[in-house]
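**Q** Okay, here's the structure, questions in a sec.
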Amino acid sequence: MTVAFVTLGCKVNQVDSDSLRRRMEAAGYTCVEPGNRPDVLVVNSCAVTAESERKTRQKLRYFRAMYRDCILVLTGCAAQISAEAQVGRPEDYPEADLVMGHRDMDALVSCINALSCSKVHLLSSGESPVDLSRKSIDRTRAHNARTRAHLKIEDGCDQFCAYCIIPRARGPVRSMPLEDVRREIQILDAKGFREIVLVGINLAAYGSDLGCDLGEVLAIFSKIEITNVRRVRLGSLEPDLLTLQLISKLEETLHYSKIELCPHFHVSLQSGCDSVLKRMNRLYSAKEYFITVKRLHTIFPSAAVTTDIMVGFPGESEAEFEASLAFAREVGFAKMHVFPYSSRPGTAASAMPGQVPRAVKQVRAKKMLAHAEECHAIFLNSQIGNTLEVLPEEPYPAGGMRGYSAHYAPVRIANAGPETQNQIIPVKIASVEDGYCVGVLSR
């Protein structure tokens, strides 16, 4: 039997898909690409917005039309929160043969295996979307096949932002114990990875359930023998949890660790206007966010700060949008992910008055995106003349190799060959082309 995976959404979903993939392989399945007519096709869904759920349904319809005899499985956040994911075929996802959440991977494999053996396409199962019983997060790892390993050390969120359904889908904060983190790092180092990316649904909340914090995870890198890993990168961080104490621990890692803490911080903003932030139930002000970014730049002078910004949140006036845009300009992000608000049933924001018309959201998104493109271009061009430490990941179609600097600048190395893959090399940046810093190996 063959199985293929289609993963939507965040890096944590990528980790979960890789975990399920390894379980399926252990159960005797052969993993193939989605285009190879698999016997089982698993769609790992995202539900952070209504738009993400629309894409999930679109994928299910597409694959059901393409592979009428395949067992089509829906898992992930959209499946977890589906009110019909208990018994029978859920009306929300009629194309799926199995709808089941992600909180119990072993049970999910068992259900898929039952369907594979019986060929009966009617089973639907899953945990209750309100079941927030405390469980250990999955300890398996997701690997970039070449250079980077994503290590999920936290799952769940307790913040309940007004627009977000994820606390319902993922449950409360659950952290991997420090000793297990240590073990996972050593395993990844032994496998030859050069970079570890620490990820979680609310990464900065790591340890709030264990009486420790993210700084203690970073301290592990200075306490164990490391042969191959040369740098560690942090996933998305919530600004209200990025405290002065935690930033100080980042500084300690910078000075005492055997590896480099990448000076790239994705600090989610959502809006640069205080009144909108308050309606969103975000637990900081624009001024507090700005102070946090300034602290990061004080410790990491060349740090690249990236972010997410939403436009068209319910009640957002033109003045509030302009305030958010002005704030984004003041911060000077290296990269911005811009998206229009999408009403998600089951969230507080979906029932708020003042829903912004779609046409208005599109105009605001276009304006914010224009600024985002300008910011990214400024960041890339600021690297010209610098020598960056780059981790080549794969060949570039037009020649050379491509990879990322520690600041997460995409770099094309014109004179590098495949032998440089998984080696951190110095690259002198000469120009910017097609969204890449372009340079040559500095020998």
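The values are calculated or read from the model by the stated rules, or taken from the named source; none is laboratory data. Just so you know, these numbers come straight off a predicted model, no measurement behind them. Using ideal geometry, Cβ is built from the backbone for each residue, glycine included, and neighbour counts are taken over all protein chains shown.
**Q** Being among the aliphatic types (A, V, I, L, M) and out of contact with any strand residue (DSSP E or B) (no Cβ under 8 Å at 6 or more places or on another chain) is the filter here; which residues of the stretch 236-275 pass it?
**A** At the first step, the residues of the stretch 236-275 found to be among the aliphatic types (A, V, I, L, M) are 237, 241-242, 244, 246-247, 250, 254, 259, 261, 267, 269.
L241, L244, L246, I247, listed by residue number.
**Q** If you don't mind, there's one more thing I want to ask. Examine the stretch 190-198 for a residue that is of a type outside the set (G, A, S) and more than 21 Å from the chain's Cα centre (by Cα), and state whether such a residue exists. Walk me through how you get there before you give the answer.
**A** The initial filter retains those residues of the stretch 190-198 that are of a type outside the set (G, A, S), namely 191, 193-198.
From what's left, more than 21 Å from the chain's Cα centre (by Cα): 191.
Yes, the stretch 190-198 contains at least one residue that is of a type outside the set (G, A, S) and more than 21 Å from the chain's Cα centre (by Cα).
**Q** Right, next: Of everything in the stretch 13-43 that's touching a helix residue (DSSP H, G or I) at 6+ places or on another chain (Cβ under 7 Å) and part of a helix (DSSP H, G or I), which residue is surrounded by the most Cβ atoms within 10 Å (Cβ to Cβ)?
**A** Ranking the candidates gives L20 first.
**Q** Taking the stated definitions as given, is E316 part of a loop (DSSP other than H, G, I, E, B) and over 22 Å from the mean Cα position of the chain (by Cα)? Break it down stepwise before answering.
**A** On the way: part of a loop (DSSP other than H, G, I, E, B): yes; over 22 Å from the mean Cα position of the chain (by Cα): yes.
For E316, the condition - part of a loop (DSSP other than H, G, I, E, B) and over 22 Å from the mean Cα position of the chain (by Cα) - is met.
**Q** Filtering the stretch 139-179 down to residues that are in contact with a Lys or Arg (Cβ under 7 Å, 6 or more places away or on another chain), under 30 Å from G403 (Cα atoms) and in a loop (DSSP other than H, G, I, E, B), which residue is modelled with the highest pLDDT?
**A** Ranking the qualifying residues of the stretch 139-179, first place goes to M176.
**Q** For the stretch 149-179, what are the residues that are closer than 21 Å to S343 by Cα, within 16 Å of the chain's Cα centre (by Cα) and of a type in the set (K, R)?
**A** Listed by number, the list holds a single entry, R170.
**Q** With respect to the numbered conditions (1) outside any loop (DSSP other than H, G, I, E, B); (2) of a type in the set (A, V, I, L, M); (3) more than 21 Å from Y408 (Cα to Cα), which one is the sole condition not fulfilled by V338?
**A** The failed condition is (3).
**Q** Cβ-Cβ distance below 7 Å, separation of 6 or more or different chains: which pairs start in the stretch 288-310 with a residue that is touching a residue at least 12 places away in the same chain (Cβ under 8 Å) and end on one that is loosely packed, with under 14 Cβ neighbours inside 10 Å?
**A** R295/L244
**Q** Are there any pairs, at least 6 apart or on different chains, whose C-beta atoms fall under 7 Å, with the first in the stretch 173-194 and of a type in the set (V, I, T) and the second surrounded by fewer than 16 Cβ atoms within 10 Å (Cβ to Cβ), and if so, which?
**A** V173/D158; V173/D209; I185/I224
**Q** Considering V427, V356, V363, which residue is in contact with an Asp or Glu (Cβ under 9 Å, 6 or more places away or on another chain) and over 26 Å from G192 (Cβ atoms)?
**A** On the way: V427 fails: over 26 Å from G192 (Cβ atoms); V363 fails: in contact with an Asp or Glu (Cβ under 9 Å, 6 or more places away or on another chain).
None of the other options fit; the residue is V356.
**Q** Follow-up. I'd like to check which strands (runs of 3 or more DSSP E) are fully inside the stretch 344-443 and have at least 3 residues that are touching a Cys at 6+ places or on another chain (Cβ under 9 Å).
**A** On the way: elements: 387-395, 401-405, 410-413, 425-433, 436-441.
Strands (runs of 3 or more DSSP E) meeting the threshold: 410-413, 425-433.
**Q** Need the failing condition index for G235 against (1) touching a Cys at 6+ places or on another chain (Cβ under 9 Å); (2) more than 27 Å from C77 (Cα to Cα), just the number.
**A** Exception for G235: condition (2).
**Q** Then there is this: What's the number of the condition A334 fails, among (1) small (G, A, S); (2) at pLDDT below 95; (3) under 23 Å from F290 (Cα atoms)?
**A** (2)
**Q** Out of all the residues in the stretch 1-12, which are under 24 Å from M66 (Cα atoms) and not in a loop (DSSP other than H, G, I, E, B)? Walk me through how you get there before you give the answer.
**A** Let us first name the residues in the stretch 1-12 that are under 24 Å from M66 (Cα atoms), namely 1-9.
The answer is T2, V3, A4, F5, V6, T7.
**Q** Let me ask something else. So in the stretch 198-257, with the set limited to residues that are within 20 Å of C10 (Cβ to Cβ) and acidic (D, E), which one is surrounded by the fewest Cβ atoms within 10 Å (Cβ to Cβ)?
**A** Per the stated criteria, the residue is D240.
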